[in-house]
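The values are calculated or read from the model by the stated rules, or taken from the named source; none is laboratory data. Because the structure is predicted, anything quoted here is derived from the model rather than measured. Positions of Cβ are generated from backbone atoms using ideal geometry, with glycine treated the same way; all protein chains shown enter the neighbour counts. Heads up: the accessible areas ignore ligands, DNA and RNA and are worked out on the full protein's heavy atoms, side chains in. Shrake-Rupley method; radii C 1.70, N 1.55, O 1.52, S 1.80 Å.
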Amino acid sequence: MFEATLIYGLVNSVILALVALGFNLTFGISGVANFAYGAFYVTAGFLTWSGLNQLGLPFGVAAALAVLITALMGALMYRYLLLRLRGLVVSEVIATFGVGLALLELFRYLGFIGFEYTLPVMIDASVDIAGVVVDAQRILIVVVGASLAALLWVFTRHTRTGRAFRAIAQDEHTALTLGINTDRVATISVAFGAGYGAIAAVVILPLGTISVGEGYNVLVNALAVCIVGGLGSTVGVIVASLLIGYAQMITATYVDTHWMMIVSLVAILIILLIKPSGLFGQQKELEERI
Amino acid sequence: MSRPVVLEVRGLLKRYGGVTAVDGVDFTLHENEVLGVIGPNGSGKTTLVNLITGFVKPDRGKVLYRGKRISGLPPYRVALKGVARTFQMAKPFYQLPAYKNLVVPLSSPRVHALAGGSYGDRDAVAKDLLEEVGFERDSWVINKAAASLPHGYLKRLELARCMALRADLMLLDELFSGLSLAEVASMVPVIDKLRSRGKTIIMVEHRLRELFRIADRVLVLNFGQKIAEGTPGQVMDLPAVREAYLGSEAEVGDA
């Protein structure tokens with residue numbers, strides 16, 4: 001039992017981290033809290049499903065197309081909607097939440113409800129780790145999660161676009177005086193965030209079914225991880241994912257699986273009460289405020 | 001003056017609600033000139049800098065840089081043409097070490113093209129530039145995160161950033177504000193050196209004594225309007241200038 005909680009807790013943590021990375025990436029760079037994130041996640045799932053079952057594409061092609069289309073949707077949302085609202089934080093949140101709501105409910109309207117909407121696992125096998133049986137899909141999730149985090153780290157430190165990402169994250173005006181097109185960088189950051197979410201969807205969704213409700217769950221989980229970790233902090237995402245991931249798994253094991261989502265919400269509440277900027281957040285003024 | 005015209009500002013006007021921040025300002029700047037811009041607080045100096053560098057769009061009028069219109073272009077396009085600015089409140093990349101702040105402009109396509117298609121050793125160039133503006137070489141300050149640098153160093157970093165971009169026209173917005181007399185004294189030769197390298201400079205300043213030593217020409221703003229323009233000597237003797245300054249600024253006595 002203990003070994004199982006340990007291993008499945010880790011898998012659950014990586015799932016949370018994978019889900020939160022994209023949201024955090026966009027927020028950290030452009031300051032946009034993309035509340036359509038959960039909807040993009042589900043969209044990628046349905047697009048992959050359609051590619052597989054309606055167009056008869058091989059899984060890899062369907063998944064790649066879904067990731068690209070989702071990323072493009074992110075870019076278009078920024079370019080044609082958010083650009084006009086930049087700086088009005090509440091408007092940005094309402095606008096992205098509206099886009100997400102419209103997308104998710106469109107899927108419901110189109111009849112994407114039911115248990116037939118599943119994605120196949122990529123490798124149908126399982127291994128035995130310390131007496132605990134773990135399926136290959138969960139191991140793949142851990143590998144993909146670690147690779148994406150590593151890729152992001154290399155990208156932001158060793159490529160020109162990545163460095164521009166970090167520059168505008170720290171001071172957008174100064175980046176502008178140095179010839180950096182901050183609108184373009186922000187567009188790319190939203191596209192990257194949406195694309196990361198789509199990759200997460202393609203590897204995580206085979207564990208369950210693709211449903212409209214999952215869009216809302218993913219958004220709440222991503223928000224919980226980012227708020228607890230400190231918005232914009234990659235280290236924060238990793239630490240918060242482990243904390244919430246294990247807390248959820250312990251709750252699921254000893255209480256009930258239905259309580260897992262409550263854990264995320266309680267985590268948000270607790271951190272907002274104790275340290276509103278999050279464990280590794282940069283917005284220290286939240287604590288200095290009287 | 002036979003030197004080529006670098007900047008032409010024609011009828012520039014910007015309103016914020018009922019306030020006309022910059023009210024039909026005209027001036028011409030020649031290559032290698034140092035122009036001082038003075039005026040009381042709220043006279044439109046920073047708005048003028050924002051208008052020239054593209055951070056604010058003019059309601060009327062235009063800005064030409066080397067004969068080509070730059071008003072209406074986004075700030076990053078203006079910057080890539082070689083027009084750089086500093087901010088009155090220093091705005092470094094706070095989490096990066098001081099010298100890495102310069103690696104960002106040194107990685108610009110502009111610098112790449114001017115250096116003949118190579119970046120060279122950006123870390124080394126960055127450290128050279130910092131030394132030039134007065135950072136002690138090989139000391140802890142160049143490796144320290146900008147967030148923890150003292151004010152004087154932050155201001156130097158602002159200037160070094162313009163130099164790293166290899167800007168031809170630099171707009172320095174109150175570079176000397178908040179610096180000690182000794183710090184200003186050590187910055188003046190840096191500005192002189194930039195002039196000797198052919199740079200064109202606009203300095204918005206409150207530190208009149210130092211400014212009048214450096215500037216070739218001074219432009220005086222009051223309530224958004226240009227009320228005078230001339231050599232430092234001419235400007236200081238104008239009654240309108242004395243009035244505008246003495247009317248709202250007690251510090252003119254020790255400036």
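Here's the yes/no breakdown for (1) at pLDDT 90 or above; (2) of a type in the set (A, V, I, L, M):
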site	(1), (2)
A:205	yes, yes
A:246	yes, no
A:277	no, no
A:288	no, no
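This table checks each residue for (1) in contact with a Ser or Thr (Cβ under 7 Å, 6 or more places away or on another chain); (2) within 14 Å of another protein chain (Cβ to nearest Cβ).
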{"site": "A:174", "(1), (2)": "no, yes"}
{"site": "A:182", "(1), (2)": "no, yes"}
{"site": "A:207", "(1), (2)": "no, no"}
{"site": "A:214", "(1), (2)": "no, no"}
{"site": "A:221", "(1), (2)": "yes, no"}
{"site": "A:257", "(1), (2)": "no, no"}
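Of all the residues in region B:162-174, those that are outside any strand (DSSP E or B), within 11 Å of another protein chain (Cβ to nearest Cβ) and either closer than 25 Å to residue B:39 by Cβ or touching an Asp or Glu at 6+ places or on another chain (Cβ under 7 Å) (or both) number 2. In region B:62-77, how many residues are within 14 Å of another protein chain (Cβ to nearest Cβ) and open to solvent by 40 Å² or more (accessible area, probe 1.4 Å)? Total satisfying the criteria: 3. Whether any residue in region A:85-98 is part of a helix (DSSP H, G or I), under 16 Å from the mean Cα position of the chain (by Cα), farther than 25 Å from residue A:166 by Cα and touching a residue at least 12 places away in the same chain (Cβ under 8 Å) is what I want to check. Checking region A:85-98: at least one residue is part of a helix (DSSP H, G or I), under 16 Å from the mean Cα position of the chain (by Cα), farther than 25 Å from residue A:166 by Cα and touching a residue at least 12 places away in the same chain (Cβ under 8 Å). Looking across region B:20-56, the residues that are in contact with a Leu (Cβ under 8 Å, 6 or more places away or on another chain) and surrounded by fewer than 21 Cβ atoms within 10 Å (Cβ to Cβ) come down to B:20, B:23, B:24, B:26, B:27, B:28, B:55. From the list A:19, A:11, A:42, the lone residue that is under 20 Å from the mean Cα position of the chain (by Cα), of a type outside the set (D, E, K, R), closer than 30 Å to residue A:135 by Cα and surrounded by fewer than 24 Cβ atoms within 10 Å (Cβ to Cβ) is A:11.
Counting only residues that are buried (at least 24 other Cβ atoms within 10 Å of the Cβ), part of a helix (DSSP H, G or I), at the interface with chain A (Cβ under 9 Å from one of its Cβ atoms) and among the hydrophobic types (A, V, I, L, M, F, W, C), region B:82-113 holds 1 of them. Any residue in region B:55-79 that's in a helix (DSSP H, G or I): show its pairings with residues that are open to solvent by 80 Å² or more (accessible area, probe 1.4 Å) at Cβ separation under 9 Å, as long as the two are six or more apart or on different chains. So the pair list comes out as B:75/A:173; B:76/A:184.
Here B:49, B:103 are screened, and the one residue that is closer than 23 Å to residue B:187 by Cβ, of a type in the set (Val, Ile, Thr), in contact (Cβ under 8 Å) with a residue 60 or more places away in the chain and out of contact with any His (no Cβ under 8 Å at 6 or more places or on another chain) is B:49. Output the residues belonging to region A:26-39 that are of a type in the set (A, V, I, L, M) and open to solvent by 10 Å² or more (accessible area, probe 1.4 Å). A:29, A:33, listed by residue number.
Note on region B:169-209: residues that are within 18 Å of residue B:78 (Cβ to Cβ) and β-branched (Val, Ile, Thr) amount to 4. Among the residues of region A:45-60, those that are in a helix (DSSP H, G or I) and either open to solvent by 50 Å² or more (accessible area, probe 1.4 Å) or within 16 Å of residue A:203 (Cβ to Cβ) (or both) comprise A:45, A:46, A:47, A:48, A:49, A:51, A:52, A:53, A:59, A:60. Would you check if there is a residue in region A:186-203 being free of Cβ contacts under 8 Å to residues at least 60 places away in the same chain, touching a helix residue (DSSP H, G or I) at 6+ places or on another chain (Cβ under 6 Å), surrounded by fewer than 24 Cβ atoms within 10 Å (Cβ to Cβ) and within 19 Å of residue A:30 (Cα to Cα)? No, the conditions are met nowhere in region A:186-203. The set of residues from region A:157-175 being open to solvent by 20 Å² or more (accessible area, probe 1.4 Å) and part of a helix (DSSP H, G or I) comprises A:157, A:158, A:160, A:161, A:163, A:166, A:169, A:170, A:172, A:173.
Here is a yes/no grid of residues against (1) of a type outside the set (S, T, N, Q); (2) assigned to a helix (DSSP H, G or I); (3) at positive phi:
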residue	(1), (2), (3)
A:196	yes, yes, no
A:204	yes, yes, no
A:226	yes, yes, no
A:231	yes, no, no
A:241	no, yes, no
